[in-house]
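Undergrad: I'd like to ask some things about the structure below.
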Amino acid sequence: MISLDNRLKTAAELCRIGKIAADVGCDHAQLACYLAENVSAAVIASDVRDGPLDAARKTVSEQGAGNVRIVKSDGLEKIDFADDVIICGMGGELIAEIIGGCKFTNPDTRFILQPMTKAEKLRTWLYKNGFEIIEERVSYDAGRAYSVMLAAFTGNSQDISEVFALTGKIADAMFLERIAAKLLKQADGMDKADALSGEAEHLRGIAAEIIKNSQKLK
């Protein structure tokens with residue numbers, strides 16, 4: 001029986017029962033085996049590196065997960081189809097690049113995304129390239145907070161606000177306050193340079209709006 005940490009468990013909860021899933025960047029394939037046992041009809045576990053793939057094969061063998069297929073692939077390059085595509089633990093810009101190379105995107109394809117960095121760039125890319133965030137959850141694990149997005153392709157390109165790029169559809173007051181605090185810290189660092197004073201005030205304005213939104217959730 002695989003036991004996931006909170007971050008990966010949140011991602012698993014956004015996958016659909018009885019669908020084919022692809023775990024891109026599978027590492028030890030713990031998520032893939034969990035999905036195969038509890039959620040998905042079949043799972044493709046992929047990675048571009050041999051080390052993680054060897055670890056994935058070991059996990060699959062130990063778990064007896066006959067419905068998990070191991071594939072060496074750079075992103076989605078060697079994956080022809082999946083209903084649910086899970087990409088966790090990468091930077092937002094790399095996740096966007098991987099989605100951009102998907103050959104089977106359609107309105108029924110779901111993307112479960114957990115960026116470690118640059119979540120705002122990922123949200124901006126998604127909407128600019130015809131995707132929409134259906135739902136967004138927050139996972140707290142070992143003192144860190146992670147956003148986990150569920151996105152789908154709509155074909156409608158949209159520009160989003162800076163506030164939405166930073167917060168998406170997150171409805172968690174504590175997480176929003178963390179984002180605002182980070183912006184305020186950046187603004188304070190800019191105060192030492194006169195040339196950046198305008199940008200500092202801009203960041204404080206965004207932080208104030210995010211704090212206002214967080215207060216509505218309490």
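Undergrad: Suppose R0 equals 41 Å. What FRET efficiency, 1/(1 + (r/R0)^6) with r the Cβ-Cβ distance, do Q215 and M1 give to the nearest 0.05?
TA: Computed FRET efficiency for Q215 and M1: 0.50.
Undergrad: Here's another thing I want to ask about it. Ignoring everything except DSSP H segments at least 4 long, calculate the 222 nm mean residue ellipticity for the chain; use -39,500 (n - 2.57) per segment, divide by total residues, nearest 500.
TA: Value at 222 nm, helices only: -13500 deg cm²/dmol.
Undergrad: Rounded to the nearest 5, what % of the DSSP beta bridges within the chain are antiparallel ones?
TA: In the chain, approximately 40 percent of DSSP beta bridges are antiparallel ones.
Undergrad: Which label marks the calculated value of volume of the Cα convex hull per residue in Å³, given the options (1) 120; (2) 135; (3) 157?
TA: Recomputing volume of the Cα convex hull per residue in Å³ here gives the entry labelled (2).
Undergrad: How large a share of the accessible area of the chain, in percent, is made up of carbon and sulfur atoms when the probe is 1.4 Å and the other protein chains stay in place?
TA: 49 percent
Undergrad: Given a cut-off of under 8 Å on Cα pairs at least six residues apart, what relative contact order in percent is computed for the stretch 37-114?
TA: RCO, the stretch 37-114: 29 percent.
Undergrad: Would the stretch 36-93 count as rounded, prolate or oblate if I go by the C-alpha gyration tensor, calling it rounded below 1.5 in a/c and otherwise prolate when a/b exceeds b/c, oblate otherwise?
TA: The shape class here is oblate.
Undergrad: Given +1 on the Cβ of Lys and Arg, -1 on the Cβ of Asp and Glu, and no further charges, what dipole in debye does the stretch 14-119 carry about its Cα centre, rounded to the nearest 20?
TA: Charge dipole of the stretch 14-119: 120 debye, to the nearest 20.
Undergrad: Rounding to the nearest 20 debye, state how big the charge dipole of the chain is about its Cα centre with +1 on each Lys and Arg Cβ and -1 on each Asp and Glu Cβ.
TA: In debye, rounded to 20, the chain gives about 300.
Undergrad: To the nearest 0.05, what FRET efficiency results for K58 and I134 with a Förster distance of 35 Å applied to their C-beta separation?
TA: 0.55
Undergrad: Residues of the stretch 7-128: accessible area per residue at 1.4 Å, in Å²?
TA: Each residue of the stretch 7-128 exposes 43 Å² on average to a 1.4 Å probe.
Undergrad: Report, in debye and to the nearest 20, how large the dipole of the stretch 125-178 comes out about its Cα centre when Lys and Arg carry +1 and Asp and Glu carry -1 on their Cβ.
TA: The dipole of the stretch 125-178 has a size of about 100 debye.
Undergrad: Please give the contour-minus-distance gain from M174 to S197: 0.36 nm per residue of separation, less the Cα-Cα distance, rounded to one decimal in nm.
TA: 5.5 nm
Undergrad: A further question on this structure: Label points 7 Å out from Cα along the Cβ direction at N38 and A181: separation in nm?
TA: 2.9 nm
Undergrad: Could you grab the relative contact order for the chain? Cα pairs under 8 Å, six or more apart, rounded to a whole percent.
TA: 15 percent
Undergrad: A further question follows. Taking the Cα-to-Cβ direction at K103 and at A208 and moving 7 Å from each Cα, how far apart do the two end points lie in nm?
TA: Here the answer is 5.2 nm between the modelled labels.
The values are calculated or read from the model by the stated rules, or taken from the named source; none is laboratory data. Predicted model only: the values in this text are computed from it and were never measured. Here Cβ is always computed from backbone atoms with ideal geometry, including for glycine, and neighbour counts include all displayed protein chains. Quick note on the areas: whole protein, heavy atoms, side chains included, nothing else; ligands and nucleic acids left out. Shrake-Rupley method; radii C 1.70, N 1.55, O 1.52, S 1.80 Å.
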